[in-house]
Every structure is written in structure tokens, then in C-alpha cells.
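Visitor: Here it is, the structure, as C-alpha cells.
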Amino acid sequence: MAEERLQKILAHAGIASRRKAEELILAGRVSVNGRTVSELGSKADFETDEIKLDGQRLKAPKHHVYIAFHKPKNVVTTAKDPEGRDTVMHYFKGFRERIYPVGRLDYASEGLLLLTNDGEFANRLSSPAGHVAKSYLVKSTGRLSGEQEIQFRKGVPMHGRRTAPAQLRLIRPGVNPWYEVTITEGRQNQIRVMFKHFGFLVEKLKRTKIGFLELAGLKPGAYRTLTRQEVARFHKILKMGEQTPLHGRSENKPRQRAHSEKRESEEQAPEAQEWVGEDLEGIDE
């Protein structure tokens, strides 16, 4: 096997996305053949070199796992939290494979989150170059004017760079209206910053869709493995080649795991046209 950059090897081993893997390398937590490596340009051969993270030798996953999870509010999208808050990994205690979140949802937000041990999948899906659309239900403290809606769709200044074009649709009018927002970027707190640009705050935010994949049918804290057809569809969208064999069945029902690791069966997902109304009912006043 040819030498590859260490961050790519860590991602392939299911440790983390490439971006997170770079942080692990810079922190001096990775070693190659007994020598600590802290430079991002470093390369190694996964088959012949002894690569360790925190003293534990890395092994390639036998199977790739892809999980759709309904992240509840007030949960951190990280493996560990220095403040001791609940993380998404609390819902996967005892899970056989080592998985990690793809991208993030901020602490106060909820909704669809993918987890996997496929580093290349995570890297391509979270990269802005992938142009994978993500949809959200947003409750705002005020209604945008017609001119503001046009500006919102075209993009607004954010940290010195304009946001990419977005889709915006009024779902429910009122003093605190609901919008459906679809973006192809994933910049931190992007939707909250976009509304704040026009003088409004986001009271509630729920991600309902990633690409073609919908949240429908998953209750907060519940998860399911993606079907083989769904994974294949993502691979096609992300222009991925042959992958490590999948772990899972062709069809999967949602599962609920509390911190006690109890699982419950959930109902199958409703038709796509029903989820907007159901989601609004689920997170309204």
C-alpha cells in the first residue's frame, strides 16, 4: 500500500473526519513507528507502519457503518465535552463500532445528524465542495421583509465572506414565523448568523434533511442504520468508488437508546410530504 497523509489514514481507520484528525496530529497524539508526529504533511503506510493514537495501534474497520440520528437539543456534537455536558456519543454506549459525527449541530439545535466510521465519506459530505444541501426548520423572532428575503437567498456577509446562495420558504406566518431554510455550506452557526444580520434571533432550529435523506420517523434520541440503497445513493452523489463492505441490512427500523442503553422500536418513517407538519407540531411553543 502506498504512503498516504496521516490525517487520511486516521479517517480511513474510523477515528475521525480528516479535519478532526488534523487536530489530533497537531496535538501530538499520533505516533508512527514509535515517533510522535505533529506535522500535517507527514505520511505513512497503513499496512506496514505501526501507527498509534494515544498509544493504541490503529486498525482498519472491517465494516463501514452509517447511522442517521435525531440529535436532541442541549446535546453536544462531539465525542467528549470538557464541560461535562451530554454528547451524542452517550446515545451509542456499547456500540460495537467506533463511530463519530459527520459535521455538527450546535448545542441548542436538534435534528438529523449522520455518524459513521467511514472517514472519506465524512470528509466529502462535510466539505463545502460536496454541495450537499441541508434543510432546516427555523423559528425566528420576526418576519423578514420581501427585500430581506431576496438578500437572504442571495447570501449575506459572514466573517468577511458572503454566504452561498440559500433557499428560503415561509412555512407558517406570525409574530414568530417558521421558515424552511436550505443551504449547501456548513459554516458554524450559519443560519443563526444570517437571521441576526437582519436583526432577528433564531428561537428554534431543527435540521430535517441532508441531501435526499429525511429525518421523518426518528424521535429525539433515536437512530437507525442507513439502508444499502441509501448508502449507495450517497456514494454516487459524493462520487465515491468502491468502499469497505457495509455493515447492516437492506432495511432498518429506528431504534431508541437511552443512557441506560435501553432500545425501543419506533414506527417506520411517514411519507415525505407529512414531515413538515409533524416537525412543526413537535417543536412548537
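Every read-out reported here was derived from the displayed coordinates using simple, explicitly stated rules and does not represent laboratory data. Just so you know, these numbers come straight off a predicted model, no measurement behind them. Glycine gets a Cβ as well: all are built from the backbone with ideal geometry, and neighbour counts include every protein chain shown.
Visitor: What is the set of long-range amide H partners of Lys204 at a cut-off below 5 Å, with H atoms built 1.01 Å from backbone N?
Guide: For Lys204, the qualifying residues are Lys139.
Visitor: Say the cut-off is 21 Å between C-alpha atoms; which of Lys8/Lys62; Lys62/Lys134; Lys20/Lys196; Lys93/Lys219; Lys73/Lys239 go over it? Write out the running numbers ahead of the final one.
Guide: Working: Lys8/Lys62 17 Å; Lys62/Lys134 30 Å; Lys20/Lys196 28 Å; Lys93/Lys219 18 Å; Lys73/Lys239 33 Å.
Cα-Cα > 21 Å for Lys62/Lys134; Lys20/Lys196; Lys73/Lys239; rest within.
Visitor: Now, a different point. Skipping prolines and chain starts, which residues have an amide H placed within reach, meaning under 5 Å, of the one on Leu105, given they are 5 or more residues away or on another chain?
Guide: Those lying under 5 Å, H to H, from Leu105 are Thr77.
Visitor: Can you give the FRET efficiency to the nearest 0.05 for His63 and Arg162, using r as the Cβ-Cβ distance and R₀ = 51 Å? Could the numbers behind the result be given before it?
Guide: Numbers: r = 41 Å, r/R0 = 0.81.
Calculated transfer efficiency: 0.80.
Visitor: Next question, about the same structure. From the backbone phi of the range 135-150, what are the Karplus-calculated ³J(HN,Hα) couplings (6.51 cos²θ - 1.76 cosθ + 1.60, θ = phi - 60°) in whole Hz, Gly and Pro given as x?
Guide: 3J(HN,Hα) across the range 135-150, in whole Hz: 10, 9, 9, 10, 9, 10, 7, x, 9, 6, 6, x, 5, 5, 4, 4.
Visitor: Also: Compute the label zone of Lys80 within the range 1-32: residues whose backbone N is under 17 Å from the point 7 Å along Cα-to-Cβ.
Guide: The answer is 15-17, 20-31, whose backbone nitrogens lie closer than 17 Å to the label point.
Visitor: If you wrap a convex hull around the Cα atoms of the range 133-210, how much volume per residue is inside, in Å³? Let's see the in-between values first.
Guide: On the way: hull volume 6.1 nm³, N = 78.
For the range 133-210, the hull spanned by Cα atoms encloses 78 Å³ per residue.
Visitor: I've got another one for you. Which three extents, in whole angstrom, do the alpha-carbon atoms of the range 4-57 cover along their principal axes, largest first?
Guide: Projected onto its principal axes, the Cα set of the range 4-57 covers 23, 20, 19 Å.
Visitor: State, to one decimal in nm, how far the label point of His90 lies from the label point of Leu238, with both points 7 Å from Cα in the Cβ direction.
Guide: 2.8
Visitor: For the range 165-177, what does the Karplus curve 6.51 cos²θ - 1.76 cosθ + 1.60, with θ = phi - 60°, yield as ³J(HN,Hα) per residue in whole Hz, taken in order and with x for Gly and Pro?
Guide: Result, rounded to whole Hz: x, 10, 9, 9, 9, 6, 8, 9, x, x, 4, 10, x.
Visitor: According to a simple spin-label model (label point 7 Å from Cα along Cα-to-Cβ), what is the distance in nm between Ala27 and Thr182?
Guide: The modelled label-to-label distance comes out at 3.7 nm.
Visitor: With θ set to phi - 60°, apply the Karplus curve 6.51 cos²θ - 1.76 cosθ + 1.60 along the range 46-62 and write out the HN-Hα couplings as whole Hz, x wherever there is a Gly or Pro.
Guide: Values, residue by residue: 4, 7, 10, 8, 8, 10, 10, 10, 6, x, 9, 5, 7, 10, 5, x, 6 Hz.
Visitor: Collect residues whose amide H, placed 1.01 Å from N in the peptide plane, falls under 5 Å from the amide H of Ile171; neighbours closer than 5 in sequence don't count.
Guide: For Ile171, the qualifying residues are Trp178, Tyr179, Glu180.
Visitor: Follow-up question, since we're still on this one. Residues with beta-carbon under 14 Å from that of Gly155, excluding Gly155: net charge, scoring Lys, Arg +1 and Asp, Glu -1?
Guide: Details: positive: Arg153, Lys154, Arg161, Arg162, Arg187; negative: Glu149, Glu185.
Net charge around Gly155: +3.
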